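The structure appears below as structure tokens.
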Amino acid sequence: MQKLTRGKCLLKEELRSHGRTQSWLARRTGYSRQQISNWIAGRDKMSFEAAVLISRILECKAEDLYEWELA
């Protein structure tokens, strides 16, 4: 059976395509700007709940927030 894993976080690209900043997203979600920065830099992986919330705010799919790889 193949396993699906998260690769690079694409949140920075999604924010840029919507003309939004990390600070804007922090205000909208309640997550700190530092936490958002950690996701973007790959220091942390966002939870499923965070990904769904952000995807609703940015009007994209949660799976659009990461590159996905079959292992």
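Just so it is clear, none of the values below were taken in a lab; they were calculated from the coordinates. Because the structure is predicted, anything quoted here is derived from the model rather than measured. For neighbour counting, all protein chains shown are included, and Cβ atoms are generated from backbone atoms with ideal geometry for every residue, glycine included.
Of the residues SER37, SER17, which is out of contact with any Leu (no Cβ under 9 Å at 6 or more places or on another chain) and of a type in the set (Ser, Thr, Tyr)? Give the steps one after another, and end with the answer.
Values: SER17 fails: out of contact with any Leu (no Cβ under 9 Å at 6 or more places or on another chain).
Just one listed residue meets the conditions, SER37.
Just to be sure, is TRP24 hydrophobic (A, V, I, L, M, F, W, C) and in contact (Cβ under 8 Å) with a residue 60 or more places away in the chain?
It is false that TRP24 is hydrophobic (A, V, I, L, M, F, W, C) and in contact (Cβ under 8 Å) with a residue 60 or more places away in the chain.
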